[in-house]
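Data first, discussion second: the structure below is written as structure tokens.
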Ligand code: OGA
Ligand code: MN
């Protein structure tokens, strides 16, 4: 089976056809997908009516899967396997969550630009998101190319950013939408983790900005200055020329590289079901070497 990749945006994003992700793939096909994701950062595979089992099997070809943390509180009961993140507006009984549901409010944070699991010391490498049910309008996912964003920075800014270490936690991202309903235990578990601000992307040899709404501090910098710098960089990195909007069709599977892209969900009519399932491949190592 020949894998066909068509570029969807001037600087990144490929659409992949000619492959059935429900079937076990041979090494050559996985290698072709690796080449494509290294080049394009985001791949969209249309027409993949995949089960959770098949999605986990495909994802595992690229590394170990993360288990979902969701919101750490003990009251969370998932409908899905621990390796599948429930990115839907449904509760464990498949009912649409109420407006004031804590998990719904927390999940609104997905509408802030981010890189998955940047709040974990070992962040995500790839995320794979499949559309099982979608609303009639809205609910798109947007992607931003962090290698192109890096390339477009003035040399003076690049020099200033190299070597900086940020601190990321969901407490910072959720504070941006005034979500503060955490238990003491959760706050402790969500202590900030260090992440480099500039990454070398192994699959392409290119440099990339590592931004995420979870970032809130920069080591060795006053907080207002750090916040301003992060906001300026966010604004720069999410300009139109670096952003692609994916309008979902049921059966689409999107795979993205969290090391060199950001993404966010868009608003939709939440009286309709939006059911998306995500598997996440861990990057396997921290971006900052463990303190000696
Ligand atoms: C995710 C995510 C965005 C969306 O699954 O990691 O941020 O559009 N999803 O649901
Ligand atoms: Mn995400």
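The values are calculated or read from the model by the stated rules, or taken from the named source; none is laboratory data. Since we're looking at a predicted model, the values are computed, not measured. Methodologically, a virtual Cβ is constructed for each residue, glycine included, from the backbone with ideal geometry; neighbour enumeration extends over all protein chains shown.
Would you tally the residues in region 67-105 being within 16 Å of ligand 1 (Cβ to nearest atom), under 20 Å from residue 177 (Cα atoms) and at pLDDT 95 or above?
6
Would you say residue 208 is buried (at least 18 other Cβ atoms within 10 Å of the Cβ) and farther than 13 Å from residue 119 by Cα? Reasoning before the result, please.
Working: buried (at least 18 other Cβ atoms within 10 Å of the Cβ): yes; farther than 13 Å from residue 119 by Cα: yes.
Here the answer is yes, as residue 208 does meet what is asked.
Give the residues of region 263-292 that are more than 26 Å from residue 58 (Cα to Cα) and part of a loop (DSSP other than H, G, I, E, B), sorted by residue number. Reasoning before the result, please.
Let us first name the residues in region 263-292 that are more than 26 Å from residue 58 (Cα to Cα), namely 266-272, 288-292.
Within region 263-292, 266, 267, 269, 270, 271, 272, 288, 289, 290, 291, 292 meet the criteria.
Given the criteria out of contact with any helix residue (DSSP H, G or I) (no Cβ under 7 Å at 6 or more places or on another chain) and not in a loop (DSSP other than H, G, I, E, B), does residue 34 qualify? Quick ask: steps written out before the conclusion?
On the way: out of contact with any helix residue (DSSP H, G or I) (no Cβ under 7 Å at 6 or more places or on another chain): yes; not in a loop (DSSP other than H, G, I, E, B): yes.
So residue 34 fits the description; yes.
Applying the selection to region 122-156, what residues are in contact with a strand residue (DSSP E or B) (Cβ under 9 Å, 6 or more places away or on another chain) and either closer than 16 Å to residue 267 by Cα or without any contact (Cβ under 8 Å) to a residue 24 or more places away in the chain (or both)?
Those that are in contact with a strand residue (DSSP E or B) (Cβ under 9 Å, 6 or more places away or on another chain) and either closer than 16 Å to residue 267 by Cα or without any contact (Cβ under 8 Å) to a residue 24 or more places away in the chain (or both): 131, 133, 134, 135, 136, 137, 138, 139, 140, 141, 142, 143.
Please go through region 61-79 and give me each residue that is in contact with a strand residue (DSSP E or B) (Cβ under 8 Å, 6 or more places away or on another chain) and more than 16 Å from ligand 2 (Cβ to nearest atom), ordered by number.
Matches in region 61-79: 62, 63, 64, 78, 79.
Looking at (1) surrounded by fewer than 19 Cβ atoms within 10 Å (Cβ to Cβ); (2) assigned to a loop (DSSP other than H, G, I, E, B); (3) in contact (Cβ under 8 Å) with a residue 40 or more places away in the chain, which is the one condition that is false for residue 56?
(2)
Could you list, in sequence order, all residues of region 227-276 that are within 15 Å of ligand 2 (Cβ to nearest atom) and over 17 Å from the mean Cα position of the chain (by Cα)?
Of everything in region 227-276, just one residue is within 15 Å of ligand 2 (Cβ to nearest atom) and over 17 Å from the mean Cα position of the chain (by Cα), namely 274.
Collect the residues in region 37-53 that are surrounded by fewer than 20 Cβ atoms within 10 Å (Cβ to Cβ) and closer than 24 Å to residue 284 by Cα, keeping them in residue-number order.
Result: 38, 39, 52, 53.
If you scan region 240-286, which residues turn out to be over 22 Å from residue 14 (Cα atoms) and crowded, with 21+ Cβ neighbours inside 10 Å?
The one that is over 22 Å from residue 14 (Cα atoms) and crowded, with 21+ Cβ neighbours inside 10 Å: 274.
Out of region 99-121, which residues are away from ligand 2 (no atom under 14 Å from the Cβ), part of a loop (DSSP other than H, G, I, E, B) and out of contact with any strand residue (DSSP E or B) (no Cβ under 6 Å at 6 or more places or on another chain)?
Scanning region 99-121 gives 99, 100, 101.
For region 182-199, name all the residues that are over 19 Å from residue 228 (Cβ atoms) and surrounded by 12 or more Cβ atoms within 10 Å (Cβ to Cβ). Please lay out each step first, then the result.
Restricting attention to region 182-199, the residues satisfying the condition of being over 19 Å from residue 228 (Cβ atoms) are 182-191, 193-194, 196, 199.
The answer is 182, 183, 186, 187, 189, 190, 193, 194, 196, 199.
Could you grab me the full set of residues in region 211-224 that are surrounded by fewer than 20 Cβ atoms within 10 Å (Cβ to Cβ) and either outside any strand (DSSP E or B) or within 17 Å of the chain's Cα centre (by Cα) (or both)?
219, 220, 221, 222, 223, 224
So which of 81, 101, 91 ends up being surrounded by 15 or more Cβ atoms within 10 Å (Cβ to Cβ) and without any contact (Cβ under 8 Å) to a residue 24 or more places away in the chain?
Working: 81 fails: without any contact (Cβ under 8 Å) to a residue 24 or more places away in the chain; 101 fails: surrounded by 15 or more Cβ atoms within 10 Å (Cβ to Cβ).
Selected residue: 91, the only one of 81, 101, 91 that is surrounded by 15 or more Cβ atoms within 10 Å (Cβ to Cβ) and without any contact (Cβ under 8 Å) to a residue 24 or more places away in the chain.
Which residue is surrounded by the most Cβ atoms within 10 Å (Cβ to Cβ), if the candidates are limited to region 146-181 and must be assigned to a strand (DSSP E or B) and away from ligand 2 (no atom under 16 Å from the Cβ)? Step through it out loud before you land on a result.
Of the residues in region 146-181, the ones assigned to a strand (DSSP E or B) are 165-168.
Then keep just the ones that are away from ligand 2 (no atom under 16 Å from the Cβ); that gives 165-167.
On the way: 165: 15, 166: 27, 167: 18.
Checked region 146-181; the qualifying residue surrounded by the most Cβ atoms within 10 Å (Cβ to Cβ) is 166.
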